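A short write-up of the structure that comes next.
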Amino acid sequence: MNQDELLRQLYDFTLVGNAPEVLSLTNQGLAMGLGPEMLLYEALIPSLEEVGARFERGDFFVPEMLIAGRAMAGALEVLRPLLAETGAEPIGKIVMGTVKGDVHDIGKNLVNIMFEGAGFEVIDLGVQVSPEKFIDAIKEHKPDIVGFSAFLTTTMPMFKANINALQKAGMREQVIIMVGGAPVTQEYADVVGADGYASDASAAVVRAKELLSQRRALARA
Amino acid sequence: MIACGALGGHIREIAARRGWAIELHCLPSLLHNHPERIAPAAEQLARDLQGRGLRVALGYADCGSYGALDSLCERLGIRRLPGLHCYDVLAGPGRLRAMFEAEPGTYLLTDFLVRSFRRSVLAELGLEEYPELWPDYFGHYRRLVWLAQSRDAPLDAEAAAIAAMFGLPLTVIDTGTGGLERELELLVGPMPPPLEHLTGSSPPPTAPDGLVTRRHP
Ligand code: B12
């Protein structure tokens, strides 16, 4: 198998969520001397982006997203230490969590995978994360971005509660705040005073990079 | 009445018992997994029915449409059931809030969900094809609460089987359908005039209980 064939197959097997094949092709690719970045950026990430696009179009539903996400996560396990070895600094650090009172986390987990694939360091606080827990994590990890995920009408108000808590702790300006989840809209994100919103995982990465470079440019100025 | 398939059976029973002259149109309950499709489907049907001169009401709560059903109601001058979802209507929003505050990892069942669990949950979420996804979906749940409308032995057994599948404790709350009936009463208002007076033509064929039920694919 040549390089193009391998990348093509890696893309195809990720798309259908065949985790054992994805893992074996990842190892094969590395054995052929392909860099971890190439496997990520020329097969795995584009494939997961296509999964997201098919979900948006209604061609895929949640299980297809989940199995593809799982397959990609398996490859990341192998690639993560290699990426660390290359000495490349993560392009940013993000703390993520599903807000207090909510245990929906499929969307958040996919966002995490895409962030990690894009070269971010991701600290996942899991589900039902209280404002205090977010604050402690920000103190401990000093992230560039903090992401709140919510899926229920009754838990969306936790965005505002989290932001208020950050304000009270004098930490609001330290971090970029991004919000998302099925019921969330740009309008709602604006109302609660978040810095960014995205409707899916690939858009979240694009938006995060934008916000990050804006902030870094500002810091340099 | 345009209703969610999950409530259709109850609405039909209540309307028959109360002698309401309503035409019941059920949309598939599975639309809940694609809530952005609920309002467009309801709108098309509502416009058709209004075109026939009928007064229309929605047997839906917000149901994850995140306001889309409310704006539909506003546009067409119609009303819906109150609350965020049918659980609010069946058990009361206060009771539900308390339940989720006490244990956010609560998964709710209704008679409909107990009966259709395999089809509407296991099959829809791909758990029959990929049982390994179970922890991705349900790993964070701590208990099941069954809001029961009318229990019987087979349903009890089904619910127990579902709880065993989760390996979680099951709490049963007998809500009945009183809450739904009160809300429907408000929705249909004072007894509407018989169909022929509204449409000026002969009513569609009725079932023996005087009710017309249509299912929409
Ligand atoms: C799958 C699902 C479940 C699974 C959740 C499994 C899990 N571990 O997460 C199960 C079956 C367990 C479940 C349970 C419940 N659910 Co549910 N669920 C859904 C469903 C069908 C899909 C959600 C989903 O995972 N989508 C797939 C992901 C990939 O998409 P996404 O979530 O939108 O995420 C993307 C973006 O939003 C974005 N994003 C997400 N987070 C973030 C964060 C940031 C920072 C950014 C930038 C972006 C971002 O990127 C993601 C990836 O592209 C929705 C309906 C729907 N179609 O939305 C209902 C839905 C959300 N559920 C609902 C309800 C009511 C419940 C239950 C209460 C039902 C019950 N019987 O008890 C319980 C919740 C109990 C509880 N304690 O929380 C309602 C909510 C209604 C409301 N008004 O609040 C919905 C809308 C269904 C409906 N129509 O009624 N549910």
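Annotations for the structure displayed:
- Test set (1) among the basic types (K, R); (2) touching a strand residue (DSSP E or B) at 6+ places or on another chain (Cβ under 7 Å); (3) within 11 Å of chain B (Cβ to nearest Cβ) - A:K93 fails condition number: (3)
- Qualifying residue in segment A:98-108 (condition: touching a strand residue (DSSP E or B) at 6+ places or on another chain (Cβ under 9 Å), without any contact (Cβ under 8 Å) to a residue 24 or more places away in the chain and within 14 Å of another protein chain (Cβ to nearest Cβ)): no
- Residue selected from segment B:47-60 under the condition closer than 20 Å to B:G9 by Cα and not in a loop (DSSP other than H, G, I, E, B), by the criterion nearest to the other protein chains (Cβ to nearest Cβ): B:L58
- Index of the failed condition, B:G105 passing every other in (1) closer than 19 Å to A:M156 by Cα; (2) away from the ligand (no atom under 11 Å from the Cβ); (3) outside the structural domain of B:P28 (by TED's automatic domain parsing): (2)
- Lone unmet requirement of (1) more than 14 Å from chain B (Cβ to nearest Cβ); (2) touching an Asp or Glu at 6+ places or on another chain (Cβ under 6 Å); (3) surrounded by 17 or more Cβ atoms within 10 Å (Cβ to Cβ) for A:L66: (1)
- Filtering segment A:77-105 to residues that are surrounded by fewer than 18 Cβ atoms within 10 Å (Cβ to Cβ) and assigned to a helix (DSSP H, G or I) leaves A:E77, A:V78, A:R80, A:P81, A:L82, A:A84, A:E85.
- When B:Y60, B:Y87 are checked against the criterion of being of a type in the set (F, W, Y), touching a residue at least 40 places away in the same chain (Cβ under 8 Å), in contact with a Ser or Thr (Cβ under 9 Å, 6 or more places away or on another chain) and within 13 Å of the ligand (Cβ to nearest atom), a single residue qualifies: B:Y87.
- Helices (runs of 4 or more DSSP H) contained in segment B:61-149 and holding at least 1 residues in contact with a Gly (Cβ under 8 Å, 6 or more places away or on another chain): B:86-91, B:93-102, B:111-116
- A:E21 falls short on exactly one of the conditions (1) modelled with pLDDT of 95 or more; (2) over 29 Å from A:E89 (Cα atoms); (3) surrounded by fewer than 16 Cβ atoms within 10 Å (Cβ to Cβ), and that condition is (3).
- Apart from one condition, A:F151 fits all of (1) touching a helix residue (DSSP H, G or I) at 6+ places or on another chain (Cβ under 8 Å); (2) modelled with pLDDT of 95 or more; the exception is (2).
The values are calculated or read from the model by the stated rules, or taken from the named source; none is laboratory data. Computed from a predicted structure; not experimentally measured. Cβ sites come from the backbone with ideal geometry, for glycine too, and all protein chains shown count toward neighbours.
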